[in-house]
Amino acid sequence: MAEAVKVLVQSGDAAEEVLVESSAPLASVVPGEDPAVLAAQIGDQVVDLTRPVGPAATVRLLRFEDAEGRRVFRHSSAHLLAQAVKRLWPDAQLGTGPALDDGYYYDLHLPEPLTEADLARLEQAMRDIVVESLPIRREELTREAALQLFQARGESFKQQIIERIPEGTAISVYRQGEFVDLCAGPHVPNTGVLAAIKLTSVSGAYWRGDEQQPMMTRVYGTSFPTAEALKAHLDRVEEAKRRDHRQLGQQLGLFQFRDESPGFVFWLPKGLKLFRRVEALSRWLQEQLGYEEVMTPWIYKDTLWKRSGHWDHYQDDMFLIDQREEHLGVKPMNCPGHAVLFGSTVRSYRELPVKWAEYSPLSRFERSGALHGLLRVRGFHQDDAHLFVRPQQIQEQIREVLELIDRLYGLFGMQVEVVFSTRPQDYLGDLETWEDAERQLSAALADWGRPYQLNPGDGAFYGPKLDFNAIDSLGRRWQTSTVQLDYQMPLRFDLSYTESDGSRVRPVMIHRAILGSVERFVGILIEHYAGDFPLWLAPLQARVIPITDDEADRGREMVRDLRAAGIRAEVDDRSEKLGKKIRDGQLDKVPVLLVVGAREREVGTVSVRSRAGDSGVYDWARYVEELVQQAALPLARG
RNA sequence: GCCGGAAUAGCUCAGUGGCAGAGCGCUCGCCUUGUAAGCGAGGGGUCGUGGGUUCAAGUCCCACUUCCGGCUCCA
């Protein structure tokens, strides 16, 4: 029966040809029974090592180092978690437990809420199962058998999942010891390889993400093949925590949130310096491209919002005011105001593109649970602009926006990723217009020459869009910029311009924000730089430190020199020891500390200490000049 | 909005039914200092808000507010 087949086994960068029986398990082609091999890939399918080799010509062995292998490892970890829960709370019902990018979770329905204190017990139960090194076995069953199995075990959520599995799909379960879970797999060969595990948090989550459905308890965890790798990961998490903009904002005196106005920022002087600096950059770059700034009302009558469509589609997210007879809404976006302005006069094709920028405050009534530091607020500012263009100008205008994004993010040393979302099912307008718009967008992207991710069918109903993720110094992605084509707003406001042949044509509106919310962007920058802002951005660039009170006057003089040269500086003239002032300067993350003692005062020099440490003694006048140069905006491609 | 947790001095936090605390910051005094914390004293709190249980509540219970972790949503 068994037939010998020749298989090319790829393992990491190496590949070797082996002759095996086609009925032998894939594990038999693993060189030296290497326990680091978790699963295998045949074609584009990831499978268990217990599967027979079959007619495969090429088998790729997957380890934790491979993204696919990692997912298997984390998925098996989720099963491990579920098994431990069932041991401690036999009445718990299983929901789902997928792998995440750097961990996994399992949603469970528990009779009692689980607290973080229970996590230690649960973790221990998981370790016990690791030590037991239970083999993990796959089993395929019929729909009826599967339903019966989970019904017998009282797993109502699993039954719901089975009922939603399309006819004809193989239904599989995985068993390890007394535990069995409905699962497509694949999994690692046994629980023993899940060596280093850690539960990180517990929270609630709706079954299937639906508010109408029961609330599940979601337990989050992560896992690694070795304790060292787990430690390294936990250190990275610590690092991210250390950079939390909310903590740094408090520590560095940048901004505050207060109960008196939840979701709105109190900017302190230092934080506002950052905010204004970032905003000024955006303004400056846009002015180069011929944008013009406008400022439009922030409160409008309901008639405007009804016309723009916000009344029907966005009302829940707006601050509404009933002022005597009038129904008013505070603006969550600038677009209706700009549309009104565009339509206020007769426009010629010669004027287009009209590019209006606005930095006005916007308000959105975010649900209370959604608020998160500067990253999600109710009152914010966008570096917003609307481009009113002729349909044939879309490509060149998009191209220009892409360059603007490059230049702005380049200043902060950040890369951006693009997601192109195309026509959804329920699109408005005619197909031809959509196809032309999408063609122009992809042409602009192609011209830009950067890879992008296509998200078919995820565009807005009024037009296709580009979303941008900025990647920070820890490799985290933040959705910031957005570019959206809009055919609906011009229609609703009956916008038009006169074409060269005298006909009236409807312009296309391009909504775009480069920083996105300035508040959010500042929050991202705080985390990106961990509060160690580059000199050009730092709210306080230099602090002068006189060593004794005898140099305090000289110190104040130096601050005057620095301020006259445009450097943001202050003096620390407290009667404290030098070491103390240096320490405080470092903790305040001041880029340069300028020490002046009797020696420096006598000969007109300064002892400079940067973040890296003592960097020597310089002539004062020359140093100020040099500092001014270092503090200039890094506009390399000016 | 929903689930879970939390709220004590300006900040970070201890206090587990019986006199409200520490470190840092702040004020004052002493010290006059050479690259990450000098010494001493002082001031500072309706223990988030409102109700309840108790002889007695920062502590236990309930409601509300805000924050944190998620869900949902999203710039």
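The values are calculated or read from the model by the stated rules, or taken from the named source; none is laboratory data. On a predicted model such as this, the values are computed, not experimentally measured, just so you know. Heads up, the Cβs are rebuilt from the backbone with ideal geometry, glycines too, and the neighbour counts pull from every protein chain shown. Side chains included, ligands, DNA and RNA excluded: accessible areas come from the protein's heavy atoms. Shrake-Rupley method; radii C 1.70, N 1.55, O 1.52, S 1.80 Å.
Structure data summary
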| read-out | value |
| --- | --- |
| Rounded if a/c under 1.5, otherwise prolate or oblate - segment A:542-630, Cα gyration tensor axes | rounded |
| Nearest-ten-degree value, helix A:620-630 long axis tilted from longest Cα axis of chain A | 50 |
| Residue-span extension gain [A:Asn455 to A:Arg242] - 0.36 nm each, minus C-alpha spacing | 73.3 nm |
| DSSP bridge orientation in chain A - percent antiparallel, rounded to nearest 5 | 85 |
| Heavy-atom SASA rank of A:Asp322, A:Asp102, A:Asp486 (probe 1.4 Å, accessible area, largest first) | A:Asp322, A:Asp102, A:Asp486 |
| Relative contact order [Cα under 8 Å, 6+ residues apart], chain A, whole percent | 9 |
| Shape of segment A:128-237, Cα gyration tensor, a/c cut at 1.5 | oblate |
| Full-stretch length increase - A:Val617, A:Ala24 - with 0.36 nm per residue and alpha-carbon distance subtracted | 206.1 nm |
| Top positive-direction residue, dipole computed over segment A:1-149 with Cβ charges, set A:Leu94, A:Val37, A:Ala4 | A:Leu94 |
| Theoretical gain in end-to-end length, A:Glu65 to A:Ala598 [0.36 nm per residue, Cα-Cα removed] | 186.0 nm |
| Cα centroid separation, segment A:346-393 to segment A:223-282 (Å) | 25 |
| Cα-centred dipole magnitude for chain A, charges only on beta-carbon of K, R (+1) and D, E (-1), debye, nearest 20 | 1160 |
| Whole-Å semi-axes of segment A:235-331's equivalent ellipsoid (Cα gyration tensor) | 34, 22, 14 |
| Projected area, mean over directions - chain A, Cα convex hull, nm² | 39.1 |
| Alpha-carbon Rg/Rh ratio, for segment A:183-302, with Rh computed the Kirkwood way | 1.16 |
| Solvent-accessible ranking of A:Leu540, A:Leu633, largest area first, probe 1.4 Å | A:Leu633, A:Leu540 |
| Dipole in debye (nearest 20) - segment A:421-551, about Cα centre, beta carbon charges: Lys, Arg +1; Asp, Glu -1 | 240 |
| Cα-based helix-to-principal-axis angle, A:269-288 vs chain A, degrees rounded to 10 | 90 |
| Surface share of carbon and sulfur [accessible, 1.4 angstrom probe, percent] for segment A:312-407 | 45 |
| Charge-dipole axis of segment A:412-506 as Lys and Arg at +1 and Asp and Glu at -1 on Cβ define it, positive-most pick from A:Tyr427, A:Phe468, A:Gln488 | A:Phe468 |
| Within chain A, helix-based [θ] at 222 nm, where runs of 4 or more DSSP H residues each add -39,500 (n - 2.57), nearest 500 | -10000 deg cm²/dmol |
| Whether segment A:4-63 is rounded, prolate or oblate, judged on the alpha carbon gyration tensor where a/c under 1.5 counts as rounded | rounded |
| Cα lying deepest toward the dipole's positive end in chain A, options A:Val559, A:Pro55, A:Ala14, charges on Cβ | A:Val559 |
| Over 27 Å (Cα to Cα) - which of A:Lys273/A:Lys581; A:Lys158/A:Lys231; A:Lys241/A:Lys577 fall in this group | A:Lys158/A:Lys231; A:Lys241/A:Lys577 |
| Residue-normalised accessible area of chain A, expressed per residue, 1.4 Å probe, Å² | 48 |
| Residue list for segment A:138-157, given a label point 7 angstrom along the Cα-to-Cβ vector of A:Arg164 and an amide N cut-off under 15 Å | A:156-157 |
| Size of charge dipole - segment A:4-63 - debye, nearest 20, with Cβ of Lys, Arg +1 and Asp, Glu -1, no other charges | 120 |
| Degrees, to the nearest 10: A:118-132 long Cα axis against longest axis of chain A | 40 |
